[in-house]
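The values are calculated or read from the model by the stated rules, or taken from the named source; none is laboratory data. Note that the coordinates shown come from a computational prediction; the quantities given were computed from them, not determined experimentally. Neighbour counts are summed over all protein chains in view; Cβ atoms, including those assigned to glycine, are modelled from backbone coordinates with ideal geometry.
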Amino acid sequence: MIAKLLFILSKGKVFNGIVGFIFQYFSSMLPVKKVYNSKNIIGFFHPKPSYTCHILLVPKRRISNFLALCSSENYSLFIEIIKAAKLTLKSVNNLDDKFILCINGGLRQEVKQAHFHMYKDTSEYLKRLKEIEYVDLYSEKNLNIKYYNDVRNVIFTIIIPPCFNDNAENRDSNNIIKNMLGIIYNIVNILRLESTGYTIVYNCESSLHMPHKDQFYIVTDYYNIGKNWNSKFNLKLSDLLKS
């Protein structure tokens with residue numbers, strides 16, 4: 001009951017400003033059912049779940065949103081959250097490799113502390129995302145960017161080599177992740193998605209232990225960015241990728 005009340009209050013304007021402070025200094029006192037707890041990350045069952053086996057993974061640092069998590073000071077927390085999600089899969093009985101890990105941004109983010117949602121993919125949302133026929137936008141050795149749009153959604157997918165396993169703890173992997181986060185940051189800013197809304201979705205292909213690629217999706221509503229967005233966007237992103 002207390003956890004549910006705190007969750008409701010955290011959405012309010014008054015309480016929103018101190019949510020990050022609470023996670024940074026008082027996370028151990030939160031009345032939640034924890035599934036993961038480290039120096040930097042806390043994971044717990046959602047007080048008011050919207051999905052099957054709905055878990056929140058939150059950094060123990062005041063980080064307001066996903067874009068702040070992309071910075072050179074914070075990107076290591078992004079890596080740790082991905083790894084924490086994989087460890088949580090092994091400890092929570094009702095989860096399996098068909099899970100969704102996502103973070104909302106812009107108007108889709110209700111609580112102004114960066115937090116990831118993790119839950120069982122009972123609707124096969126990831127399967128539908130993977131079956132879409134994407135258009136190639138950019139490709140290099142360790143990076144592939146594609147996109148898709150219809151009258152409802154615009155979706156970008158970014159594919160990189162496996163970088164979130166214990167075996168991938170090296171400078172090359174960190175540079176690939178930093179580069180990818182920089183591109184996501186640029187896409188969000190070019191399309192001004194912070195003023196509308198978007199969701200970053202993570203999909204780990206193949207087995208949990210040795211995936212052959214890591215894949216991320218940026219999902220937003222088509223009406224957020226308007227008609228003829230792609231011609232202007234392609235020019236701007238191409239310039240950013242060259243620089």
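Summary table
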| item | result |
| --- | --- |
| Scan of the range 44-79 for residues that are under 25 Å from I176 (Cβ atoms) and of a type outside the set (A, V, I, L, M), ordered by number | P59, R61, N65, F66, C70, S71, S72, E73, N74, Y75, S76, F78 |
| Residue that is modelled with the highest pLDDT [pool: residues in the range 214-239 that are of a type in the set (F, W, Y) and assigned to a helix (DSSP H, G or I)] | Y222 |
| Pairs where the first residue, in the range 185-197, is more than 9 Å from I225 (Cβ to Cβ) and modelled with pLDDT of 90 or more and the second is among the small types (G, A, S) and surrounded by fewer than 18 Cβ atoms within 10 Å (Cβ to Cβ), C-beta under 8 Å, 6+ apart | none |
| Residue identified as within 30 Å of S231 (Cα to Cα), more than 15 Å from the chain's Cα centre (by Cα) and surrounded by 15 or more Cβ atoms within 10 Å (Cβ to Cβ) among K141, K120, K146 | K146 |
| Residues (basic (K, R) and at pLDDT below 90) located in the range 169-184 | R171 |
| For T52: the one exception among (1) crowded, with 17+ Cβ neighbours inside 10 Å; (2) under 21 Å from Y125 (Cα atoms); (3) modelled with pLDDT of 85 or more | (1) |
| Which numbered condition L107 misses (of (1) in contact (Cβ under 8 Å) with a residue 60 or more places away in the chain; (2) surrounded by 19 or more Cβ atoms within 10 Å (Cβ to Cβ)) | (2) |
| Those residues of the range 58-104 which are part of a loop (DSSP other than H, G, I, E, B), in contact (Cβ under 8 Å) with a residue 24 or more places away in the chain and of a type in the set (S, T, Y), in sequence order | S64, S72 |
